[in-house]
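Student: First the structure, then my questions, so here it is.
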Amino acid sequence: MSRLVLRLLLCASAMLVSAGASAQAFPTKPIRLIVPFAPGGSSEIVARSVAQELTKSLGQSVYVENKPGGAGTIAMLDLKGAAPDGHTLVLGHVGVLAVNPYAMSKHPYDVNKDFAPVVLLARVPTVFVVNATVPAKNLREFVALAKSKPGQLNYSSAGNGSSGHLTFEYLKMVTDIYVVHIPYRGTGPQLTDLLAGRIEAASIGGPAVLPHVRSGKLRAIAVGSAERVAALPDVGTVAEQGYPGFETSQWYGLLAPAGTPKAIIDRLAAESTRALKATSVSERFAADSARGVGGTPEQFAAFIREEQKRWQDVIKRANIVID
């Protein structure tokens, strides 16, 4: 064996040992988990449930920092500028990862180059709701109502490019209705006006909206998933109410800055997957029909690519523009 080959093997071995030691030593300080929305929505529930379990398993505090604004770009730019050491993460979702790149004329980050996917945490069923004063009891009745009053009904979302925005535009496209979009700065603020009757409808993730459906303050008229959800057994899917093939759900996953050591990313993915199996998390998710996912960084990266392909066409056809 030549000296050059020997040196290369020794260097490679040293790098592997160094990477392993880095992952074992990680974390050395509290971990900041940035959420791109204001408190009160599905993202908040997913982030805090998982952060609590990660705090136990990693031995350092994992704290949630809500950073809304700019259709999620403020939070993503914060992550982009953070040190790539695993101590700053973001809760990515369909808006920042699969909508903004195609709906923004001036996009301030490259989704596929500036961030490192860690793990897909959860998929949350989308629930289409109306406030209690709206006479529609199901999706068919709401579509008929909207067609009788084109442009007179409003729907809210957690912001331009949010899951709720995209999903309701998808519904408008397949049902051929005209309902005006009113964006808010987070699910919490939009729920305030929806519950007060100032907004007629919305599409919101199950965890944030189910308590209000159970109390009777909101009425669920459809779910966006392929099958009915256990928490709302009497509410039909969009597909079974006359629009075959319609399927959508909100999803959330962790991302780190590009350049974060692979060993640290793999450890975060493994610990997060274990956290999703904890009783406190699984019971919290089950109560709201959310589904924990988990898996590898590679699986999450592939999932993001699939979602980008799916929603790029919807954005183009619905003419969704975020500026």
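Student: Looking at segment 137-169, which of its residues are hydroxyl-bearing (Ser, Thr, Tyr) and closer than 24 Å to residue 226 by Cβ?
Tutor: Of the residues in segment 137-169, the ones hydroxyl-bearing (Ser, Thr, Tyr) are 148, 155-157, 162-163, 167.
Of everything in segment 137-169, those that are hydroxyl-bearing (Ser, Thr, Tyr) and closer than 24 Å to residue 226 by Cβ turn out to be 155, 157, 162, 163, 167.
Student: Next question. Scan segment 62-81 and tell me whether some residue there is free of Cβ contacts under 8 Å to residues at least 60 places away in the same chain, under 30 Å from residue 197 (Cα atoms) and assigned by TED's automatic domain parsing to the domain that holds residue 214.
Tutor: Taking every residue of segment 62-81 in turn, none turns out to be free of Cβ contacts under 8 Å to residues at least 60 places away in the same chain, under 30 Å from residue 197 (Cα atoms) and assigned by TED's automatic domain parsing to the domain that holds residue 214.
For (1) among the charged types (D, E, K, R); (2) touching a residue at least 12 places away in the same chain (Cβ under 8 Å); (3) over 30 Å from residue 169 (Cα atoms), each residue gets a yes or a no:
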position	(1), (2), (3)
265	no, yes, yes
271	yes, yes, yes
281	no, yes, yes
284	yes, yes, no
296	no, yes, yes
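Student: Working carefully through the options 201, 230, 220, find the one that is aliphatic (A, V, I, L, M) and more than 20 Å from residue 136 (Cα to Cα).
Tutor: Numbers: 201 fails: more than 20 Å from residue 136 (Cα to Cα); 220 fails: more than 20 Å from residue 136 (Cα to Cα).
Just one listed residue meets the conditions, 230.
Student: For segment 111-131, state whether one or more residues are part of a loop (DSSP other than H, G, I, E, B) and either over 25 Å from residue 221 (Cβ atoms) or in the same structural domain as residue 219 (by TED's automatic domain parsing) (or both).
Tutor: Filtering segment 111-131 down to residues part of a loop (DSSP other than H, G, I, E, B) leaves none.
No, every residue in segment 111-131 fails to be part of a loop (DSSP other than H, G, I, E, B) and either over 25 Å from residue 221 (Cβ atoms) or in the same structural domain as residue 219 (by TED's automatic domain parsing) (or both).
Student: Filter segment 244-285 down to residues that are closer than 30 Å to residue 141 by Cα and either touching a strand residue (DSSP E or B) at 6+ places or on another chain (Cβ under 9 Å) or β-branched (Val, Ile, Thr) (or both) and give me whichever is surrounded by the most Cβ atoms within 10 Å (Cβ to Cβ). Please lay out each step first, then the result.
Tutor: The first filter runs over segment 244-285 and keeps only residues closer than 30 Å to residue 141 by Cα, leaving 244-251.
In the following step, the residues that additionally are either touching a strand residue (DSSP E or B) at 6+ places or on another chain (Cβ under 9 Å) or β-branched (Val, Ile, Thr) (or both) were identified as 246-251.
On the way: 246: 22, 247: 16, 248: 23, 249: 21, 250: 30, 251: 26.
Filtering segment 244-285 for residues that are closer than 30 Å to residue 141 by Cα and either touching a strand residue (DSSP E or B) at 6+ places or on another chain (Cβ under 9 Å) or β-branched (Val, Ile, Thr) (or both), the one surrounded by the most Cβ atoms within 10 Å (Cβ to Cβ) comes out as 250.
Student: A further question follows. Is there a residue being more than 18 Å from residue 38 (Cβ to Cβ) and crowded, with 23+ Cβ neighbours inside 10 Å anywhere in segment 181-197?
Tutor: Looking through segment 181-197, none of the residues is more than 18 Å from residue 38 (Cβ to Cβ) and crowded, with 23+ Cβ neighbours inside 10 Å.
Yes or no, residue by residue, for (1) touching a Leu at 6+ places or on another chain (Cβ under 9 Å); (2) over 22 Å from residue 250 (Cβ atoms):
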| site | (1), (2) |
| --- | --- |
| 29 | no, yes |
| 34 | yes, no |
| 58 | yes, yes |
| 76 | yes, no |
| 85 | no, yes |
| 108 | yes, yes |
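Student: Kindly check whether there is at least one residue in segment 115-123 that is under 18 Å from residue 91 (Cα atoms), charged (D, E, K, R) and modelled with pLDDT under 95. First the steps, then the outcome.
Tutor: Within segment 115-123, the first condition is being under 18 Å from residue 91 (Cα atoms), and the residues that meet it are 115-123.
Checking which are charged (D, E, K, R) leaves us with 123.
So of that shortlist, the ones also modelled with pLDDT under 95 come out as 123.
Within segment 115-123, one or more residues are under 18 Å from residue 91 (Cα atoms), charged (D, E, K, R) and modelled with pLDDT under 95.
Student: Let me ask you something else. Just the residues that are more than 16 Å from the chain's Cα centre (by Cα) and either among the β-branched types (Val, Ile, Thr) or buried (at least 23 other Cβ atoms within 10 Å of the Cβ) (or both), please, taken from segment 21-53. Spell out how you get there, then give the answer.
Tutor: Restricting attention to segment 21-53, the residues satisfying the condition of being more than 16 Å from the chain's Cα centre (by Cα) are 21-32, 52-53.
Selection gives 28, 31.
Student: Given the criteria at pLDDT below 95, crowded, with 20+ Cβ neighbours inside 10 Å and assigned to a loop (DSSP other than H, G, I, E, B), does residue 68 qualify? Write out each step before concluding.
Tutor: Working: at pLDDT below 95: yes; crowded, with 20+ Cβ neighbours inside 10 Å: yes; assigned to a loop (DSSP other than H, G, I, E, B): yes.
So residue 68 fits the description; yes.
Student: Yes or no: residue 163 in contact (Cβ under 8 Å) with a residue 40 or more places away in the chain, under 17 Å from residue 248 (Cα atoms) and surrounded by 15 or more Cβ atoms within 10 Å (Cβ to Cβ)?
Tutor: Working: in contact (Cβ under 8 Å) with a residue 40 or more places away in the chain: yes; under 17 Å from residue 248 (Cα atoms): yes; surrounded by 15 or more Cβ atoms within 10 Å (Cβ to Cβ): yes.
Considered against the rule, which asks whether it is in contact (Cβ under 8 Å) with a residue 40 or more places away in the chain, under 17 Å from residue 248 (Cα atoms) and surrounded by 15 or more Cβ atoms within 10 Å (Cβ to Cβ), residue 163 comes out as yes.
Student: So which of 230, 286 ends up being at pLDDT below 90, out of contact with any helix residue (DSSP H, G or I) (no Cβ under 7 Å at 6 or more places or on another chain) and part of a helix (DSSP H, G or I)?
Tutor: Details: 230 fails: part of a helix (DSSP H, G or I).
None of the other options fit; the residue is 286.
The values are calculated or read from the model by the stated rules, or taken from the named source; none is laboratory data. Nothing here was measured: the structure is a model prediction, and the numbers come from that model. When we count neighbours, we look across all protein chains shown, and the Cβ atoms used for this are built from the backbone with ideal geometry, even at glycine.
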